[in-house]
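One structure is given here, and the rest of the page talks about it.
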Amino acid sequence: MQFDQVKSEIFMKERLKKILDRLTFLKSLRVIFFIIIFVVGVVPCVLVQNGILRDYEKRAVEVRVERVKGQLRSLANHLITSNYMVNQESGLVDAQLSEFATLYDGRLLIVDPNLTVIKDTYGLSENKTIVSQDVISCLTADGSGGSENYDAKYGFIEIVMPIIETRSMRDLDSAVRVSDLSSAYKTQTNTIRGVMVASTSTEYITKTKEILRRKAMLLLAMMLVVVFFASILISGALVRPFEVLSRDIREVKEGYSNEPISAPQYLETIHIADAFNNVLGRMNALDQSRQEFVANVSHELKTPMTSMKVLAASLLSEDEVDPAVYREFLEDIDHEIDRENKIISDLLAMVKEDRSDVELVVVRTNINELAESAMKRLKPIARLRNIELTLVNKKEVFAEVDATRISQIMNNLVENAIKYNRDDGRVILTIDADHQYFEMTVEDTGIGIPEEAQGKVYERFYRVDKSRSREIGGTGLGLSITKSAALRHHGTISMTSKEGEGTTFVVRIPLRYSTQPMELRVGDQRRQISRLLRVRRNSSAREKYLEKTVHVSRRKSKAEKEKPEKKNAVKNGKNRRNQQNLQTQDPQIENAQTQKPQAENLQAENLQVQNLQAENTQIENDQAKKLQTQKPQAENREQTSEKNSGEVDA
């Protein structure tokens, strides 16, 4: 039953979600603004209308009650002065009572202290006994009673008021002189002679309230129309900046415009426009760089081909050519082929770095040997311009890296330092490390990089000096590839340069490779260590850990003791079955059959115990390794707990 209820609730939720998904217009910002403004405009009008009608009804009833009470007090005085409570034959009083009933469209009852109705303006209840809690309370309240009740459902007001006779007496002492008359005292006594019960109609209040309600509804309808159109206008005005922003973005998307957009109306639209302009600027810069790169690469690829074509045509046009000329031309062709091969290699390296599915081949590598190999490869290039290459190994560094990409980083940085250096300059490659990172620092005494171009050197296809880069064979991809390779190792690259003095690049890469950056990995290790230390400090957790270890070890020892006993029992059973006669053979077979599943269960249980113990041992070893690198004190506590568990097992 409960499952069916849960299933029905899930079904209803899914159905409601589908219905809401179909009502896509509710997701429009214009519709949301319209609903909010409309509700905010209508709800106060409805509340004000109901409040006015309610206050009018309350005030009208209060005024009606006060007027009726005033008339009843006047009638009570006439009843006392005419002694109507004893003798009801006063025509004047009857006329006043009838006039009251006619004036207030109601009914008036005169009740004596014995709860007998002595006068009824309707003539229906005279000489009858009335039993009413309000009447009884009025008779017993010593003149302070009286009540009024308003019945809005049937439209009348019932007022109960006592008929009070007030007497004044003055008792003077005969011995008091005339000059002491000021010390005389006056005593008043109130006597309840009966009760008046008046019922007056509130029909005119109801009619007036209905008239006010109609007028209020008409006014509310007019307000609804005004609020409706105002909501449409205001919501449209509020959404218009977003529509303008969407239109501008659509124009850029369709290719009609490539200019930055602006939306200064709201702070939110300004932020959106700024973010889009940043993206657009980056896309324009990237597109411009790509166009420039295509033009440059086309020129670079075409130039070697043209040179080789000219050289080959020159050789073919001559019948007899000197071998020295042949050799010179072939060397030029070889140089052009190397140049074109360099461009293609950079392009392939860039494409390879862009592919996220290519994994790094991470092995433990000697960074110093990689640096020596890079310097040896680049020495011939430096020797052409008499540039001194120096390798400084401050420490012997071993790291888990992709050796190919680290070599690529060194080659690019050192080769750039050679290309953009002065003749007889110097390039220094320094290898250093701390407990987490190793650093590769490349310093040169070259031409430096202008300050306005330092933020763009890592952009693809960007070259500071286009003419010089073309002369030396640069494609603007080296530093981009270098930064990508460093980031793939969760490392960083930084640069300091001063124009005319030289440039320094510093690459920092973690010694141990991980799929997570070093900061996240260290944070995870610290959280694991703190969690382990909290468990160790908690005595109850430590006791549970020891109890679990003892329980597992006892089960293991018990299983190991029972295992050979069961094997011996099975062997003895087989021997006895071979020696005994046929009469005793059947019971023994039955016993063996019952023992066989028991032995299998014990073996399965022993296997589970061994698996659990292996898992516990693996977990403890992992925790011990982490504690050795971070918290030696935690390792001592763990060893102490293991010793305690061993003593308990013994």
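In nm, to one decimal, how far is the Asp94 label point from the Leu384 one, both placed 7 Å along Cα→Cβ?
Reported label-point gap for Asp94 and Leu384 is 14.2 nm.
Placing unit charges on C-beta atoms (Lys and Arg positive, Asp and Glu negative, everything else neutral), compute the dipole magnitude of region 230-290 about its Cα centre in debye, rounded to 20. Walk me through the numbers on the way to the answer.
On the way: 6 positive and 8 negative charges, 18 e Å.
Using only the charged Cβ atoms, the result is roughly 80 debye.
What accessible area per residue, rounded to a whole number of Å², is obtained for region 1-151 using a probe radius of 1.4 Å? Mind dumping the intermediate values first?
Working: 10280 Å² over 151 residues.
On a per-residue basis, 68 Å².
List the GluC sites (Glu not before Pro) within region 373-425 that fall in a DSSP loop (any state other than H, G, I, E or B) and whose Cβ has at most 13 other Cβ atoms within 10 Å.
Glu396
By accessible area of protein heavy atoms, probe 1.4 Å, what ranking do Asp94, Asp55 get, highest first?
Asp55, Asp94
At 0.36 nm per residue, and after removing the present C-alpha to C-alpha distance, how many nm does the segment from Arg214 to Leu124 gain when stretched out fully?
Numbers: separation 90, 0.36 × 90 = 32.40 nm, distance 3.86 nm.
That works out to 28.5 nm of additional length.
Need one number for region 422-461: average projected area of the convex hull over its C-alpha atoms, nm².
Numbers: hull surface 18.0 nm².
For region 422-461, the mean projected area of the Cα convex hull comes to 4.5 nm².
Taking 0.36 nm per residue of sequence separation and subtracting the Cα-Cα distance, how much length would be gained by fully extending the chain between Tyr154 and Ser494, in nm to one decimal?
Details: separation 340, 0.36 × 340 = 122.40 nm, distance 8.98 nm.
Extra length from Tyr154 to Ser494 when fully extended: 113.4 nm.
Where does each of Thr445, Thr140, Thr482 land when they are ordered by accessible area, with a 1.4 Å probe and the largest first?
Working: Thr445 40, Thr140 100, Thr482 0 Å².
Of Thr445, Thr140, Thr482, the descending order of accessible area is Thr140, Thr445, Thr482.
Kindly provide the chymotrypsin sites (Phe, Trp or Tyr not before Pro) of region 202-309 that DSSP labels as loop, not H, G, I, E or B, and whose Cβ sees at most 11 other Cβ atoms within 10 Å.
Working: sites: Tyr204, Phe228, Phe229, Phe242, Tyr256, Tyr266, Phe276, Phe293; in loops: Tyr256, Tyr266.
In loop regions of region 202-309 (DSSP not H, G, I, E or B), the sparsely surrounded chymotrypsin sites (Phe, Trp or Tyr not before Pro) are Tyr256.
Sort Asp151, Asp338, Asp112 by accessible area with a 1.4 Å probe, largest first. Spell out each step's value before the answer.
On the way: Asp151 45, Asp338 85, Asp112 25 Å².
Greatest to least solvent exposure: Asp338, Asp151, Asp112.
Heads up, I need the accessible area for Glu251: 1.4 angstrom probe, whole protein in place, Å², nearest 10.
70 Å²
Using the structure shown, list the pairs from Lys58/Lys153; Lys128/Lys153; Lys58/Lys119; Lys352/Lys394; Lys342/Lys456 with a Cα-Cα distance above 21 Å, or answer none. Don't skip to the answer; put the middle values down first.
Values: Lys58/Lys153 14 Å; Lys128/Lys153 27 Å; Lys58/Lys119 31 Å; Lys352/Lys394 33 Å; Lys342/Lys456 23 Å.
From Lys58/Lys153; Lys128/Lys153; Lys58/Lys119; Lys352/Lys394; Lys342/Lys456, over 21 Å: Lys128/Lys153; Lys58/Lys119; Lys352/Lys394; Lys342/Lys456.
Packing-wise, with mean Cβ within 10 Å as the measure, how do 114-120, 323-329 rank, highest first?
Numbers: 114-120: 16.6, 323-329: 11.1.
Going from most to least packed, we get 114-120, 323-329.
Just to be sure I understand the model, the point goes 7 Å from the Cα along the line to the Cβ. What's the resulting Lys352 to Leu487 distance in nm?
Placing both labels 7 Å along Cα→Cβ, they lie 1.9 nm apart.
Radius of gyration and Dmax for region 39-106's Cα atoms, expressed in Å?
20.6, 67
Quick one: if you stick a label point 7 Å off each Cα along the C-beta vector at Glu259 and Ala285, how many nm between them?
Result for the modelled spin labels: 2.2 nm.
Pop out the carbon and sulfur fraction of the accessible area of region 262-415 as a percent, whole number, probe 1.4 Å.
Values: 5440 of 9910 Å².
Exposed carbon and sulfur together represent 55 percent of the surface.
If I take R0 = 56 Å and measure r between the Cβ atoms of Ala312 and Glu451 in this structure, what FRET efficiency does the formula 1/(1 + (r/R0)^6) give, to the nearest 0.05? Don't skip to the end; give the middle numbers.
Working: r = 46 Å, r/R0 = 0.82.
E between Ala312 and Glu451, to the nearest 0.05, is 0.75.
Under 15 Å from a point placed 7 Å out from the Cα of Ile36 along the Cα-to-Cβ direction: which residues of region 245-283 have their backbone N that close?
266-269
Could you give the length gained by full extension between Val325 and Leu360, i.e. 0.36 nm per residue of separation minus their alpha carbon distance, to one decimal place?
Details: separation 35, 0.36 × 35 = 12.60 nm, distance 4.72 nm.
In short, 7.9 nm is gained.
Set the Förster distance to 56 Å, then compute FRET efficiency between Asn277 and Ile337 from the Cβ-Cβ distance, nearest 0.05.
On the way: r = 45 Å, r/R0 = 0.80.
Plugging the Cβ-Cβ distance into 1/(1 + (r/R0)^6) gives 0.80.
The values are calculated or read from the model by the stated rules, or taken from the named source; none is laboratory data. From a predicted model like this one, the values you see are computed outputs, not experimental measurements. Note: ideal-geometry Cβ built from the backbone for every residue, glycine included; neighbour counts use all protein chains shown. Protein only, heavy atoms only, side chains kept; ligands, DNA and RNA dropped before computing areas. Shrake-Rupley method; radii C 1.70, N 1.55, O 1.52, S 1.80 Å.
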